[in-house]
Structure formats: C-alpha cells, structure tokens
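The block underneath contains the structure these notes are about, expressed in structure tokens.
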Amino acid sequence: MLGPKGKSCDCIEDRLLRRPRNRHRVGPHPTSASPWLRTSALVSVGLLIVAAIPRAAWAVEVDDCRELLISGKYQECVAAAEEAISARKYGEDWPVFKAQAQFHIGQYSQALETVELGLKRYSWSVRLRYLGHQAARHAGNSERAEAMLAEIDQLAGRSPWRYTDADDLVTLGRVLLQLHADARDVLEVFYDRAKKQNPRHRDPYLASGQLAISKSDFALAADIFQNAIDRFPEDADFYFGLARALSASQDDGAREALRHTLTLNPNHISAMLFLAERAIDSEAYKEAEKQIVRALEVNPNHPEAWAYRAVIAHLQGDPEQEQLFRNAALSTWDRNPVVDHLIGRKLSQNYRFTEGAEYQQQALKFDPLYLPAQIQLAQDLLRLGLEKQGWDLANSVYESDGYDTTTFNLVELKDKIDQFQTLEDDDFVVRMDSREAEIYGQQVLALLHRAKDTLGPKYGLDLKHKTIVEIFPNQDDFAVRTFGMPAVAGFLGVCFGRVITANSPASQLENPSNWESVLWHEFCHVITLQMTNNKIPRWLSEGISVYEELQENPTWGQQMNPQYRKMILGGELTPLGELSSAFLSPPSGMHLQFAYYESSLAVEFIVERYGLATLKQLLRDLGAGIPINTALQRHTEPMAILEEEFEEFATQRANDLAPEADWTEHEFESLVKGDGSTLGEWLADNPDHFVGNLLFAGILLKARDWDRAEAVLQKLIEIYPDYTGDDNAYELLAHVYREQKNEEAEKQILRQYAAIDADAVGTYLRLIELDRSDGNWEAVRENCQRVMQVNPLNPRLHRAMAEAAEELNNPEEAIVAYRTLLQMEPADPAEIHYRLALSLHKMGKQGAKRHVLSALEEAPRYRAAHRLLLEISRQRQ
C-alpha cells in the first residue's frame, strides 16, 4: 500500500509518481498523484511483470460476442452474453460485454444488475466493478458507484499479482485517471505496459488514444489511432478516434474516418453526436436534430444527446426548451458534470462566453475537480476580459494536470505576455511586444480610437468597458491565446467581444496584410458582438466587418474578382439562410475567403435594399434572442423571396465585373505551347479575353519581348482596371518599364496601382526609391505612410520617413522616425544618433546633447557631430 499523504513510502511506484517536476521542459510535465492515490495500491500493479492470464478455451465465442458489441449490435450482444451466462460458461468477459451493451442502449439499472450478478461468480473482477461504477452513476446510485471504486482499491492492494493482464491494466489506468492521477504516468505505467503485454488487444490502444484526445494532444492521438487501425481495420472506435483527432486540422480525413465509423457501426452514438455538433456549428439545426434523434433511438437516455438538444434550444432563443432538455440530460445522473460542460463548451464555441462560463461553473459545482470544465472556464474568463481569474485558474489546472496541452500552452504563453508593453487609456488596453510598441504602438491606439469614434455612433453603441487588444509577433502564441493550441493558421485576428487578439506584421513578413484594416475589422466585431450579446451568426458578424472595412477605405476588405465571379455564376452561392455553414469545413482556402466576401455582399444587399436602420434593428433583435432568419423575415421579406433577391443582386454584381472583358471559358493548353504565336493569333479574334491576354503577357515577359508585352498589359488594364491579383498587369507593366529604363512611365503605373491596393508593400517601397531620386518628398511621405499600415517594422520605411520630414522641414516627424530607427539596431547608429540630435536641437528639445554624444561614442571622429556638440554647448552657455 502507498503511504498516506505526508508519510514516507518505500515503494518504487510512489517514488515514480512523486518525482520532481521541471517547469522548463519541452512538453507538458507530469504532476504528482492525487491524495486518494497516495492511499491506494493500484499503481503498484502497473510495474509488476508476470505472465498473461490465458483466456478460456471458448475464446472464439467470446470474440464473437465482442464483435457484436464493437459493431453496434447491442441487443444481439446482450442475448449472446446472457445465453453464455445461463449456460454457466466461465469468464468475466460474458457479464462485462453484456453490461457494456446494456450501458450503450441506456439500460443503466440493468447493467448494474448484470455487474452485481457477475460479481457473485467473479468476485475479484475489477473490470466488472469499474463498469458497475459507471452504471451506478448513470442509474443515480452514487453510493454504490463510490463503493465500487473503494472495492477496486482494496482488491488491487491485497492481490496486485492478479491484475496484470491487458484488460485489467487498462481498467486500473482508467480508474486512476478518473481520480485525477498523473496522465503521463498512467500512459506509461499502465497503457504502454498493456500494449507490450498483449499487442493484439484493442483496449490499450483505444485508452491511449482517448487519453491523448482528452488532453488536446491531437497529433499524438492521430498517430495512436492510425496505428490501431492498421492492427484492427474493422474496429469503428478507432476510426472515430481518428476523426476526432483530425477534425481540427484535416477535415477531409476526419470526414472519411467518420464515414468508416458509421459503416462499421451504424449505431455508433458518439459518431452521430459528432455529426450533430458539426451541424450545430454551421447552424444547420435540422440536420443536427436528425443525428440526435438517431442517437436517441439507440439510447433514449443518452445525457450528451439531450445536452446537444439544450444547446440548440439556447441558440434558437428557447430557454424553456433548453431547461427541459437539460433536465432530461440529468434525469438518470443528476450531478453529471459532462452535461453542463458540454452545453457550456458549445455555447462558448458559438461566442456565448458569458453563458458558457455559467454552465462551466455549474459543472464544477457537481464536481469541483472536473478538469475539462476548469480548462474551458479558464479560457472563457480570458475571452471575457476577466484576466486575473482566467490566468489564475489556468495556472491552477496546470499545477494539477501538467499533461493537458491547452493549459500547458496557456501558462507558457502567460510568461511571454508578462514581458509585453501595455499601452492603456480610458478606452483601450493594448499589449504588444515592447519593441513593436515603441515602433507603432501609438498608431495602433490612434486607429482604434478612430474606429470607436466612427463605428460606435454609427451603430448607436456606447461601450461601457475598455477593449483589450493583444498583438502577437509569433503566430503560435496568437493561436494559443485564441484557440488554446499552436499551429492554427489562416487567421489574422479574432474578437471575442471585449477582447481582440491579432497577429503582428512580424508574424507575416513574407506576405503581410494591412494591420490597420485587420484591427478595423476586429473592432467592428466589438460593436456587433456587444450589441447582440454575442448572439450574432458568424456570417452576419463577418459580413458587417468586411463591409465596414470597405466603407472606411475602398482598398480594404474584399472585392469582386474573377474567381468569385466564376463561383457566383457557377451556382456556388450559399443560400442566405444557410450562410454560416460556408465557414465550417470549406473545401479550400478560396472557399473560406469567398464565404467572407459573400457575407459582406449580403450585408451590402440588406443596406442598399432596406437601409442601415434595418441592419441595426436586426442586431437589436439578435440581442433580444430572436433567431437571425426570424429577424430577417420580420424586417425584410419571407426567406424564399429574400434569398431569391439576394441571388439576383449577387449575380448582377458578378456580371458587372469588368464588363469590357471577355470572360468566356476556353481551353488554353494547346494555345500556350511554343512561342505563343498560336495564342496571339487566337487573341486577334478575341482581343478582350482577360485570361487569354494574361497568359499571352506571361509568355511575352518570359521571352523578354518588352514592347509587345507592354501593349498586352496596357490592354489588360484597359479592360479590367481594378484587378489586384498577384499577376496584376500594373506590377508586370512596371517591370517592363524598368527593363526599358523608363522611370517616368514606371512611376505613373505604380502610382495607379498603389491607389487601389492596400497591401502592395513592394510597390510602395519602389515608389519611395524613385521619388527620393527625384526629390519628391511629399510623395515619399505618402508612400511611407502606406508602408506603415502594412509593415511598420521595415527600416527602409523609417529612414525614408525621416529624410522626407527633414526635407519638408518637419523635425517633429523626423524625431519620431529616427527614434524608431534606433529601436531597429541600424547598421549606422552614429548617423542616426546625429540626425536625431540635430532635429531635437532644432526643436529646442531635451536629449540633443545625449544623442550627439552617443554618435561620437560610435564614431569618435565624426566631424559634423563635433560641430553640433560645440553649437549645443555654446547655446547652453
């Protein structure tokens, strides 16, 4: 037996579980055993090495019964096991399989009865007792449930040699996890040992994968389940585990795994509810209900099925049904923390963080140590802006369960955030990397204030609390703060209501986006989420944000383009009543971007057709709990008519794109071969074909035929002047002019392009270079400001800004630019210190002498710096 808490114990297992922890190890660390386990003998089982207990001679029959269970033929499994039990066949597998099958179909009391009868014959069985514990809890018999655990402890303590086969090792590992043992030790000492003891047994693989899933270690889980599928290709549970592991990263793979799951086990309740959850996420509530009904046909008492119904009722604004369904979920086990945790988790995933946090708190009233609820509550509190409570809880969970990747990542991130610089005023709390805060922190605050002063009055919302904005220079840190895990790509920023998280330009230097447009977009979410109490569907929230980007700056947001035109005219427009589904599992990144564009187009349609007042009324209705489709029909038209009108609106917009261009579909493979002469001949008959001209321009550029390429590129600009794709004619034509040494033409074409693209850093920098040569300092300053909105971390920008400020006799701007340059560790610090000192001296500001001395420290023979130092000294005298 392990010694009681606080007492010494000589057993090797106790020393293993209480080994020192290292906060700075690469991965999540194990934690010490719970107080209950320090009085338990269970762990000592894990390290005993004895031969496996052989199965009975009728193993084929047992395997047949197991196959019935695994394939979802639960009633047949019950009948087969009952027949064997009645025939007095020996083996605990028979009552185990019967009780498991009864549990699957919701016969919790009958399962408990099967366990009790089985224990009369197999009094030593820990497997039966663990099943009995589960059945007793779900049957509302908490006393018997706890007694079963106590009996397992006593049995394992008295006869540890008895419980060393794979079945028992897995069972004891699950018991320990339920009692909050160290997860990594359970994995290594029980599950891994069970695999070695019997490599052909399914349960160690299943338990290991489920443990990894529960700790959000999806990569490990995917590896475990894929390995298990190779060994057990007809086992539905492993395909379902793989689907869960892949769902966050490989949607196609997850869908395929789900298909296999339900093929192998048509009654797999967890797979049905997983499909229901995905349908809820896309607001396809009828489809979700269909899956829930299927699950309840298998198990009418399944608590999670009823909990999902409560989620749908909440999201549809029906609190009475929500409470009825929650009661049904708790009807057999009235203190089941899983129910409220599940409801709260789904509400939080739908941005109802306040309600989600309340459900997690209720789950923790049922079981204060229920880790999933603690983890979710910590994230909810952080997203609600209740930072101290959130970080304290995350740290507490980390201390009790260091294997959970979510809390491990959060606690590691907290150390980094503590190093950030905070910029705070009456309206905002902005946290940034200290160096970045010095470079463009004030511009961030100015942009946020401009957004608040514009959007707040426009939508009639007076914000009562400060908005928290955290900007991360590392994409993984952003992902951890936002999603709880790293390596989640594809997001520039996220808003939770009061809290905005965003990637900084430092995290996207290869292809930076306009950070001002990103923050404007996210702050618009602050308005719409708070106006609706976070009850706004995703399509409307994203649509308004993209729409407001365009209202502020026509070069921000999303515009119609050839791909969107093709998708709309090709019938890929999602009906208005189902638009949120377009954001869930899009087939490609392009389809996700199209979902944003279509949403903004829908908002534009509503405003143009029914007015801004109608849009604002929709938001107020959503805040009152009215579902979006109901609200739309109240203030516009019946949904069928509205969807038809929107489709006509979108189709007209698609047809209006570059009306001078020829958009007919054509197969170009044979035309682009060789020197392009065949394509040139084809274009003679189709001179306005956009794609054909674009392909021909590429051939001519490759051949360095600058004169002909110039003509084709000018034609492209003529027929489609707003095209800003990566292969746009403006930048290609600028390249032609550069090759022709025609700087004036190059400048003119780049100016045209700079006016229509908010992210064209390369164009802005080239214009800065050309205008510096010409001494056009106003133009230099203008393009420096454009670069600042995309990549303020570019040193060339600040040097050019400083020079322009000096030439325009604006020492105030020069001071800011030179100070920024010093933050960037310039190659010529002496020159920067000198220029900064000169500007400070002109303004009569403090610090001139300090910087000129710094210049001389870097370059002691710097004559201009010596002269400036003498001048400063004379003036002081």
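The listed residues are Arg819, Arg786, Arg835, Arg799, and the only one of them that is buried (at least 19 other Cβ atoms within 10 Å of the Cβ), of a type in the set (D, E, K, R) and within 16 Å of Glu438 (Cβ to Cβ) turns out to be Arg819. Within the stretch 566-603, the set of residues being under 14 Å from Thr651 (Cα atoms), in a helix (DSSP H, G or I) and open to solvent by 40 Å² or more (accessible area, probe 1.4 Å) comprises Lys566, Leu569.
For the stretch 91-107, the tally of residues that are touching a residue at least 40 places away in the same chain (Cβ under 8 Å), touching a Phe, Trp or Tyr at 6+ places or on another chain (Cβ under 9 Å) and either surrounded by 24 or more Cβ atoms within 10 Å (Cβ to Cβ) or not in a helix (DSSP H, G or I) (or both) stands at 1. Checking each residue in the stretch 822-832 for being open to solvent by 40 Å² or more (accessible area, probe 1.4 Å), under 16 Å from Glu436 (Cα atoms) and assigned to a loop (DSSP other than H, G, I, E, B) picks out only Glu825. For the stretch 519-533, taking the residues that are touching a Gly at 6+ places or on another chain (Cβ under 6 Å) and open to solvent by less than 20 Å² (accessible area, probe 1.4 Å), the one that is nearest to Ala451 (Cα to Cα) is identified as Glu522.
For the stretch 605-620, a residue qualifies if it is of a type outside the set (Gly, Ala, Ser) and either in contact with a Lys or Arg (Cβ under 6 Å, 6 or more places away or on another chain) or surrounded by fewer than 19 Cβ atoms within 10 Å (Cβ to Cβ) (or both), and the qualifying residues are Val607, Glu608, Arg609, Tyr610, Leu612, Thr614, Lys616, Gln617, Arg620.
Residues checked against (1) modelled with pLDDT of 95 or more; (2) farther than 20 Å from Glu542 by Cα; (3) in contact with a Phe, Trp or Tyr (Cβ under 8 Å, 6 or more places away or on another chain); (4) part of a helix (DSSP H, G or I):
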site	(1), (2), (3), (4)
Thr614	yes, no, no, yes
Gly625	no, no, no, no
Asn629	no, no, no, yes
Glu665	no, yes, no, no
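Scanning the stretch 285-320 for residues that are small (Gly, Ala, Ser) and without any contact (Cβ under 8 Å) to a residue 24 or more places away in the chain yields a count of 1. Considering the stretch 123-135, and only residues there that are over 38 Å from the mean Cα position of the chain (by Cα) and open to solvent by less than 10 Å² (accessible area, probe 1.4 Å), the residue that is farthest from Gly157 (Cα to Cα) turns out to be Gly132. Inspection of the stretch 671-678 identifies no residue that is under 25 Å from Asp656 (Cβ atoms) and open to solvent by less than 50 Å² (accessible area, probe 1.4 Å). Taking the criterion of being open to solvent by 50 Å² or more (accessible area, probe 1.4 Å) and either of a type in the set (S, T, N, Q) or closer than 28 Å to Lys452 by Cβ (or both), the only residue of the stretch 400-413 that qualifies is Ser400.
Which residue out of Arg294, Arg335 is surrounded by fewer than 23 Cβ atoms within 10 Å (Cβ to Cβ), assigned to a loop (DSSP other than H, G, I, E, B) and in contact with a helix residue (DSSP H, G or I) (Cβ under 7 Å, 6 or more places away or on another chain)? Spell out how you get there, then give the answer.
Working: Arg294 fails: assigned to a loop (DSSP other than H, G, I, E, B).
Sole residue among the options that is surrounded by fewer than 23 Cβ atoms within 10 Å (Cβ to Cβ), assigned to a loop (DSSP other than H, G, I, E, B) and in contact with a helix residue (DSSP H, G or I) (Cβ under 7 Å, 6 or more places away or on another chain): Arg335.
You will find that of Leu767, Leu808, the residue that is out of contact with any His (no Cβ under 8 Å at 6 or more places or on another chain), under 29 Å from Gln558 (Cα atoms) and not aromatic (Phe, Trp, Tyr) is Leu767 and no other.
Taking the conditions (1) free of Cβ contacts under 8 Å to residues at least 40 places away in the same chain; (2) open to solvent by 50 Å² or more (accessible area, probe 1.4 Å); (3) polar (S, T, N, Q) in turn, Thr261 satisfies each one other than (2).
The test for being surrounded by fewer than 23 Cβ atoms within 10 Å (Cβ to Cβ), over 15 Å from Asp235 (Cα atoms) and under 27 Å from the mean Cα position of the chain (by Cα) holds for Glu277. Within the stretch 346-399, the only residue that satisfies the criterion of being of a type in the set (Lys, Arg), open to solvent by 60 Å² or more (accessible area, probe 1.4 Å) and either closer than 21 Å to Gln178 by Cα or touching a Phe, Trp or Tyr at 6+ places or on another chain (Cβ under 8 Å) (or both) is Lys365. As a summary of the residue check, Asp707 satisfies the conditions (1) on the phi > 0 side of the Ramachandran plot; (2) without any contact (Cβ under 8 Å) to a residue 24 or more places away in the chain except for the one numbered (1).
Among residues belonging to the stretch 457-478 that are without any contact (Cβ under 8 Å) to a residue 40 or more places away in the chain and buried (at least 23 other Cβ atoms within 10 Å of the Cβ), point out the one that is farthest from Leu618 (Cα to Cα). So the residue we want is Phe472. One residue alone among Val429, Val444, Val397, Val469 is in a strand (DSSP E or B), touching a helix residue (DSSP H, G or I) at 6+ places or on another chain (Cβ under 8 Å) and not acidic (Asp, Glu), and that residue is Val469.
Here is a check on your reading of the model: is Pro811 touching a Ser or Thr at 6+ places or on another chain (Cβ under 6 Å), under 21 Å from Arg772 (Cβ atoms) and open to solvent by 20 Å² or more (accessible area, probe 1.4 Å)? The answer is yes for Pro811. Cβ-Cβ distances below 6 Å connect the following pairs, each with a first residue in the stretch 205-229 that is within 20 Å of Val189 (Cβ to Cβ) and among the basic types (Lys, Arg), a second residue that is open to solvent by less than 40 Å² (accessible area, probe 1.4 Å) and not in a helix (DSSP H, G or I), and a separation of six or more residues or different chains: Lys215/Tyr403; Lys215/Asp404. Within the stretch 200-225, the set of residues being surrounded by fewer than 18 Cβ atoms within 10 Å (Cβ to Cβ) and more than 22 Å from the chain's Cα centre (by Cα) comprises just one member, Arg200.
Quick one: would you say Phe483 is under 27 Å from the mean Cα position of the chain (by Cα) and open to solvent by 60 Å² or more (accessible area, probe 1.4 Å)? So Phe483 passes the test. Can you confirm whether Ser599 is closer than 21 Å to Arg255 by Cβ and touching a residue at least 24 places away in the same chain (Cβ under 8 Å)? Taking the combined requirement at face value, the residue does not satisfy it. Yes or no: the stretch 633-640 includes at least one residue that is in a loop (DSSP other than H, G, I, E, B) and open to solvent by less than 30 Å² (accessible area, probe 1.4 Å). Within the stretch 633-640 (the criterion being in a loop (DSSP other than H, G, I, E, B) and open to solvent by less than 30 Å² (accessible area, probe 1.4 Å)), the answer is yes, since at least one residue qualifies. Residues in the stretch 838-877 that are open to solvent by less than 70 Å² (accessible area, probe 1.4 Å) and within 18 Å of Ala802 (Cβ to Cβ): 14 in all. The residues on offer are Glu510, Glu516, and the sole one that is in a helix (DSSP H, G or I) and of a type outside the set (Phe, Trp, Tyr) is Glu516.
The values are calculated or read from the model by the stated rules, or taken from the named source; none is laboratory data. In this text the structure is predicted, and so the values were computed from the model without any measurement. We place every Cβ from the backbone using ideal geometry, glycine too, and count neighbours over all the protein chains shown. Please note that ligands, DNA and RNA were not included when accessible areas were found on the heavy atoms of the full protein model with its side chains. Shrake-Rupley method; radii C 1.70, N 1.55, O 1.52, S 1.80 Å.
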